[in-house]
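To start, the structure under review is shown below, and the notes come after it.
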Amino acid sequence: MKKNFTRYLITSALPYANGPIHIGHLAGVYVPSDIYVRYLRQRGKEVISICGSDEHGVPITLKARQEGVTPQNIVDRYHEVNKKAFQEFGITFDIYSRTSNKIHYETASEFFKILYEKGIFIEKTTRQYFDEEANAFLADRYITGTCPHCGNGNAYGDQCEQCGSSLSPQELIDPVSTISGNKPVLKETTHWYLPLDRYEKWLRKWILEDHKEWKPNVFGQCKSWLDQGLQPRAVSRDLDWGVPVPVEGAEGKVLYVWFDAPIGYISATKELTGKWEKYWKDESTRMIHFIGKDNIVFHCIIFPCMLKAEGSYILPDNIPANEFLNLENEKISTSRNWAVWLHEYLEDFPGKQDVLRYVLCANAPESKDNDFTWNDFQNRNNNELVAILGNFVNRTIVLTHNYFKGCVPEISDLLKTDSEVLDEIRNIASRVTDSLENFRFREAVKLTMDLARLGNKYLADTEPWKLIKTDEARVKTILNISLQITANLSILMDPFLPFSMEKLRNFISFNEISWDLLGSHELLKAGHQIHNAGLLFEKIEDEQIRAQKDKLLITRKNHLKEEPVKEQKPEISFEDFSKMDMRTATIIHAEKVPKTKKLIKMQVDTGMDKRTIVSGIAEYYDPASLIGRKVCVLTNLAARKIKGIESQGMILLSENPDGTLHFVTPADEAVNGAEIN
RNA sequence: GGCGAGGUAGCUCAGCUGGUUAGAGCGCAUGAUUCAUAAUCAUGAGGUCGGCGGUUCAACCCCGCCUCUCGCUACCA
């Protein structure tokens, strides 16, 4: 299936414009994509790199409402922050566009229209709750009402947080719109669906047979989706923020964000160049999507179906999705502020873009989730960038200045060791090339560092500082070769460490970066004058690392405190309250319910009886530690079957903003069966 | 529960379609060295390749079962 491609279209997942960029995004998507793009440019390939902000969707409207500003306001803010951060970090998109642009509205609209006119979509009319005062259909979580199962008066349209049952809005008794507080009415609404199921056969062949070379995590995920069977998927929804559905009578409807976002790649290309069609519609273009694993289904299944349905577009040739990056052993979480934010890193470590690029690449989550730790960051900087690479370059340049006044000396006779080293430059370069071609970026960056290691070893083996006293000609050869290694490094490492390599090329007054030059033994001609060396990298001290770790812990602690406390529920009468029969009780037996993640089955002594209660606390409590524990129990809650076990009541637990559960514990003096009033 | 991806030296990870003594970097120990940001170079110690069973002349790599982690999903909460 090797095709002859003559140009490249590289896309990087459009960051969602409701927050800043963190190291997880970088390691998963933008660092690999930028390395690849820079590499292609150095090879002289025709390539464009596309990215931009994804600015539609419900979360942005929610955030806007929370802050009392317009959605446009929110996306303007993050678009600027992220665009600037990417640029400063050296991510070289040819364009960083945005989906609130006019050109995107036109492109997305046009795309929809073509599919619409081809009769691709299925049209379905359903009844949804509508708020007449706000004049808007209500998303599930904008509706509250009484839970039909447990009677909780404050259940949401999608689920009841009290009894945990998942609901649909129509099941709620006495639904209320949280926007206006009014009672919503059921109203018919029509939406369009992309019948993914009709493309299943085609997808199976295209992915499972024609693209076996995709990464295992990507291929496996696709297979999983295909085996589960695809469903038609709504491409429109009732919302006032997004690209309007370009069909008569579709007022108040916009394209679903998953539909318009990938089209953003197309509109960004249009914005970049009038010749956009040769990138999107010419079979000799190789399109590659860089994404994180959360985006696999959209880029491997849905977007290709859209392109296929439209008919005139090419399909992606590869989608090297990465897994996730953890931070200090915990999942990165925006809401818990457990992240290293790019814009903050750039402030805290000015001029150290390459250090982060290097660490994130060397430890990228290519085949499985990986961990970023500040200790590792420090170690890699100090032991690899400073000690191996920076040191080798510095030794070479200093020696050249000490012995030959900064003038590149000439080669005389080559010994076997010299030839072997020169051969090894070529060898490493070709292996780096191979790794990059196959999206193995961590392997690639490791190999480039091997070239610097080779340089250090060469110097240690040949010891020019000793020979200078007896054999100057030999020293000339040695330093010439060391300088050739240095010049080769400045090309080979440029995709990974662009800032430092530019600096290095200034040290040696060299400004070629063409990949074709790699392996050459004459990048620096004898007689060429080089500049003095500065430091390529500097050590990072423990103090800085400690500060970063402290910062993480502090922001997290503050975040927990500042997490807004949930609003009080609507008033109830004393009568309502007195309906509830709550007692103190003691757990007398507890065991994990087999084959579940969270469930523990308990026997509790309520004073009145001994009964079974099933509770979802296994993630926070060990069954053995529960026995003998005093708890509060809602005893007259209707029994409910959970995993085939009848749960007779509910144990009261408090839930922290981070989701952890904690028992509400009665004082020691309370006896079993004591009423709680 | 179903599906997917992982579980390889103290740590972070490589190991292509099964084939002789399982690799790298860091860390650790010992030695060499001083041109270099006390950096470098060499040598060494460390693994029953998650567990059990099977296929095979031969398995880290194939098959089955079990177990742990992550993700998606489900009549999970």
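The values are calculated or read from the model by the stated rules, or taken from the named source; none is laboratory data. As the structure is a prediction and not an experimental result, all values here were calculated from the model. Cβ: placed from backbone, ideal geometry, glycine included. Neighbour counts: every protein chain shown. SASA here: full protein model, heavy atoms, side chains in, ligands and nucleic acids out. Shrake-Rupley method; radii C 1.70, N 1.55, O 1.52, S 1.80 Å.
Answer yes or no: is there a residue in region A:253-268 that is open to solvent by 40 Å² or more (accessible area, probe 1.4 Å), in contact (Cβ under 8 Å) with a residue 24 or more places away in the chain and not hydroxyl-bearing (Ser, Thr, Tyr).
no
With at pLDDT 95 or above and open to solvent by less than 20 Å² (accessible area, probe 1.4 Å) as the only criterion, which of A:ILE513, A:ILE481 stands out?
Result of the check over A:ILE513, A:ILE481: A:ILE481.
Can you tell me which of A:LYS253, A:LYS270 is at pLDDT 95 or above and either closer than 22 Å to A:THR99 by Cα or of a type in the set (Val, Ile, Thr) (or both)?
Within the list A:LYS253, A:LYS270, the selection yields A:LYS270.
Here is a check on your reading of the model: is A:LYS476 touching a residue at least 60 places away in the same chain (Cβ under 8 Å), more than 14 Å from RNA strand B (Cβ to nearest atom) and on the phi < 0 side of the Ramachandran plot?
So A:LYS476 passes the test.
Restricting attention to region A:461-473, which residues are within 11 Å of RNA strand B (Cβ to nearest atom), part of a helix (DSSP H, G or I) and touching a residue at least 60 places away in the same chain (Cβ under 8 Å)?
A:PRO464, A:TRP465, listed by residue number.
Considering A:ALA487, A:ALA452, which residue is within 14 Å of RNA strand B (Cβ to nearest atom) and either buried (at least 18 other Cβ atoms within 10 Å of the Cβ) or under 30 Å from A:GLY28 (Cβ atoms) (or both)?
Residue meeting the stated conditions: A:ALA452.
Being in a helix (DSSP H, G or I) and within 12 Å of RNA strand B (Cβ to nearest atom) narrows it down to one residue among A:PHE392, A:PHE439; which is it?
Only one candidate passes the filter, namely A:PHE392.
Working only within region A:211-236, note down all residues that are more than 13 Å from RNA strand B (Cβ to nearest atom), assigned to a loop (DSSP other than H, G, I, E, B) and either β-branched (Val, Ile, Thr) or within 28 Å of A:TRP192 (Cβ to Cβ) (or both).
A:PRO232, A:VAL235
Scan A:LEU186, A:LEU208 and give me the residue that is within 16 Å of RNA strand B (Cβ to nearest atom) and at pLDDT 80 or above.
When all the criteria are applied, what remains is A:LEU208.
Given (1) within 11 Å of RNA strand B (Cβ to nearest atom); (2) touching a residue at least 40 places away in the same chain (Cβ under 8 Å); (3) surrounded by fewer than 23 Cβ atoms within 10 Å (Cβ to Cβ), identify the lone condition not met by A:ASP413.
(1)
Answer yes or no as to whether A:GLU248 is within 19 Å of the chain's Cα centre (by Cα) and among the acidic types (Asp, Glu).
Considered against the rule, which asks whether it is within 19 Å of the chain's Cα centre (by Cα) and among the acidic types (Asp, Glu), A:GLU248 comes out as no.
Considering each of A:ASP282, A:ASP294 in turn, give the residue that is open to solvent by 50 Å² or more (accessible area, probe 1.4 Å), under 30 Å from A:ALA136 (Cβ atoms) and of a type outside the set (Phe, Trp, Tyr).
Within the list A:ASP282, A:ASP294, the selection yields A:ASP294.
Would you pick out the residues in region A:52-91 that are open to solvent by less than 40 Å² (accessible area, probe 1.4 Å) and not in a helix (DSSP H, G or I)?
A:GLY52, A:SER53, A:ASP54, A:GLU55, A:HIS56, A:GLY57, A:GLY90, A:ILE91, listed by residue number.
When you check A:TYR403 against the structure, is it open to solvent by 10 Å² or more (accessible area, probe 1.4 Å), outside any helix (DSSP H, G or I) and over 19 Å from A:VAL445 (Cβ atoms), yes or no?
For A:TYR403, the condition - open to solvent by 10 Å² or more (accessible area, probe 1.4 Å), outside any helix (DSSP H, G or I) and over 19 Å from A:VAL445 (Cβ atoms) - is not met.
So which residues in region A:627-653 are more than 20 Å from A:LYS579 (Cα to Cα), modelled with pLDDT of 75 or more and among the aliphatic types (A, V, I, L, M), if there are any at all?
A:ILE627
Let's see how each residue does on (1) in contact (Cβ under 8 Å) with a residue 12 or more places away in the chain; (2) charged (D, E, K, R):
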{"position": "A:GLY28", "(1), (2)": "yes, no"}
{"position": "A:ILE35", "(1), (2)": "yes, no"}
{"position": "A:ARG38", "(1), (2)": "yes, yes"}
{"position": "A:HIS56", "(1), (2)": "yes, no"}
{"position": "A:PRO59", "(1), (2)": "yes, no"}
{"position": "A:LYS63", "(1), (2)": "yes, yes"}
{"position": "A:THR70", "(1), (2)": "no, no"}
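Which residues, taken from region A:498-524, are closer than 15 Å to A:ARG41 by Cα and out of contact with any Lys or Arg (no Cβ under 6 Å at 6 or more places or on another chain)?
A:PRO498, A:GLU512, A:ILE513, A:SER514, A:ASP516, A:LEU517, A:LEU518
In this structure, does A:ALA362 turn out to be hydrophobic (A, V, I, L, M, F, W, C) and touching a His at 6+ places or on another chain (Cβ under 6 Å)?
Judged against the criteria, A:ALA362 is not a match.
Restricting to region A:504-555, and then to whatever is assigned to a helix (DSSP H, G or I) and of a type in the set (D, E, K, R), can you tell me which residue is nearest to A:GLN484 (Cα to Cα)?
So, considering only residues that are assigned to a helix (DSSP H, G or I) and of a type in the set (D, E, K, R), the one nearest to A:GLN484 (Cα to Cα) is A:ARG505.
Is region A:371-379 home to any residue that is more than 8 Å from RNA strand B (Cβ to nearest atom) and either over 30 Å from A:TRP338 (Cβ atoms) or of a type in the set (Lys, Arg) (or both)?
Taking every residue of region A:371-379 in turn, none turns out to be more than 8 Å from RNA strand B (Cβ to nearest atom) and either over 30 Å from A:TRP338 (Cβ atoms) or of a type in the set (Lys, Arg) (or both).
Residue by residue through region A:339-361, note down the ones that are open to solvent by less than 10 Å² (accessible area, probe 1.4 Å) and either at positive phi or within 13 Å of RNA strand B (Cβ to nearest atom) (or both).
Within region A:339-361, A:ASP354, A:VAL355, A:TYR358, A:VAL359, A:LEU360, A:CYS361 qualify.
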